[in-house]
Structure formats: C-alpha cells, structure tokens
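Presented below is the structure to which this report refers.
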Amino acid sequence: MQQRARTIRLVQLAMGASLVLPSLIFAIAAWRNYESAHALADERLIRSLDVQQEQAIKAFQLVELTMNNANDLTATLSEAEIGSGEERLHLQFKNIVSSVPVVQSVWIYGDDGRALVTSWVHPPPPQSFADRDFFVAHLNGDSGTYYGQVYASVLDAQPFFTVSRRLTRDGRFIGVLEASVLPSNFFRFFSTLAYTEGLQYALIRDDGKFLVRFPAAPPDATDQLDPSTGFRRTIAALPEGGLYTTTSPMDHL
C-alpha cells in the first residue's frame, strides 16, 4: 500500500510539473517579449522625438533667417520711412517669404499696433493689433524673440502662431517685426512620424500653450496645460530638458 501511495504521489508530482514547468517557461518568455516590445517602443518614441526636435530647430532657424532678411531691408529706415515705402517693401517681403514654406507672412507694426507693411497684402489692413500678445510682449522693453500663441487669420488665411522682435531706433520703440508661422507645416510633418495608431505629437510653449497638436484637438479641448500638471512642473524643474513619462490630463493616455 505504501509503495502504491508513493507511486501515486510521484505521478501527481509529474503531472503537476508537466503543467507548472511549461507555464513557467511561457511566463518567462512572455515577460521577455513584453520587455523587448517595451524597449522597442521607447526606442522608437525617443527616435521620433529626436527627429521632431531636429525639424523644429531647423524650422525656427528658417524663421529667424526670414526675420533677419526682413529686418536688414528696414534697419536704416524710420517708422515714417517704412510706411512711405510700404509698396516696395511689400514686394521684397513677399519675395523673401515665398522661399520659406513654414512662414505664412512677415509684418512690421508701428508703435500703435497698426501694420506698416506686410508680405501678405498691399496695402496692409487698417485695424490695430496692439492687443495681440506678440505686440504687448515688446512694449516694456527688449524681451528678445517672443513666441506668440495661435491666432485665426483676419484675412481668411490659415491659423498661425507668431515669432516677433522689438524694433527700436536710437533706443526708442518704433514697433514690432513679426513672422506668422504655419502650424499646418509642423502638423504634416508630425503625421509622418505617427508609425502606429494612438501616437500624439505636440509643440508646446514653456507656459503650456499648445502651438501645434497632432492629431488635431477637438473643438472643446483646452489650448493650454494647467500649471499643476506634472509636465509643466517638470519643465520648470528641469529647464535643461530630458525625458518625462506621465498620464496625459487631456485624454488620460
């Protein structure tokens, strides 16, 4: 009887091992596959972020070059001379912008916020833009290059965000030089990076304001991340940059 009981236990142990061992092997293989897939996804994301950053840097270098060229044409002119030479400058600005797809138009605004010249239309629209953030940012001193928020065009063109500089003559504020930059250019590029469903890309100012989002945000979505979000807090804590992983407060992904 004892021999029979031992034989039954051995058979039971063998049967248990025949179930546990393959399950253990399968679990180990599944975990390794998960780790490999996770590492591959991280590698692809980091690579796409590197490409995204490189494209953004090159795009803004072109914007800066465009603004430099426009500024060179007016560097010796007073506000009155810029206004009186509007038609000639319009054509010159238009020629500069035509070779830079990311830039929709270039503008110079006088100290009252009214457009003196633009590459977009001749003559420039009569309304004042003194309440726009790209103008207000330069009223109280030289803030360097300022990246403004996204605006809908008043001339039935595409939405744009702005890059602007303060203009001075003999230390006196005479207006603002501004380039209208097309988010659609970045959007199309981001779409080429989306190698799988669910990926999202964005270009965000350091204050959390969205300049570009892919895919496009729904109409009721906020256009700025709250200061309490982990992303905003991380930007403030690590201005030198780095990697950050979190759950999005926008769509909880």
Which cross-chain or sequence-distant (5 or more) residues have an amide H under 5 Å from the amide H of Trp120, H modelled 1.01 Å from N in plane?
Val106
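Shape verdict for the stretch 59-183, please, from the Cα gyration tensor: rounded (a/c under 1.5), prolate (a/b greater than b/c) or oblate. Working shown, then result.
Numbers: a/c = 1.28, a/b = 1.13, b/c = 1.13.
The shape class here is rounded.
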What is the distance in Å between the Cα centres of the stretch 67-106 and the stretch 170-199?
20
Percent relative contact order of the stretch 82-181, based on C-alpha pairs within less than 8 angstrom and at least six residues apart?
26
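Starting with the fewest neighbours, write out Asp170, Asp50 ranked by other beta-carbon atoms found within 10 Å of each beta-carbon.
Details: Asp170 6, Asp50 10.
Sorted ascending by nearby Cβ count, the order is Asp170, Asp50.
Relative contact order of the stretch 163-206: what whole-number percent is it, with Cα pairs under 8 angstrom and at least 6 residues apart? Please list the in-between numbers first.
Details: 24 pairs, mean separation 11.0, N = 44.
Over the stretch 163-206, the number comes to 25 percent.
Would you please put 200-207, 218-225 in order of how densely packed they are, using the mean number of other Cβ atoms within 10 angstrom per residue and starting with the highest?
Top of the packing list down: 200-207, 218-225.
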Normalised by the residues of the chain, what does the relative contact order come to in percent, with Cα pairs under 8 Å and at least six apart?
12
Among rounded, prolate and oblate, which fits the chain when a ≥ b ≥ c are the square roots of the eigenvalues of its C-alpha gyration tensor, a/c under 1.5 means rounded, and a/b larger than b/c means prolate?
prolate
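Tell me what the chain gives for mean residue ellipticity at 222 nm when only DSSP H runs of n ≥ 4 count, each as -39,500 (n - 2.57), the sum divided by the residue total, rounded to 500 deg cm²/dmol. If you can, show how the numbers build up before the last one.
Details: 6 runs with 114 residues, N = 253.
Computed ellipticity for the chain at 222 nm equals -15500 deg cm²/dmol.
Going by average Cβ density within 10 Å per residue, which order do the peptides 114-122, 35-43, 136-144 take, highest to lowest?
Details: 114-122: 21.0, 35-43: 10.3, 136-144: 13.2.
With the highest mean Cβ count within 10 Å placed first, the list reads 114-122, 136-144, 35-43.
A short reminder: the numbers here are calculations on the coordinates, not readings from a lab. Remember, predicted model here, so these are calculated numbers, not experimental data. Counting neighbours? That spans all protein chains shown, and the Cβs are built from the backbone with ideal geometry, glycine included.
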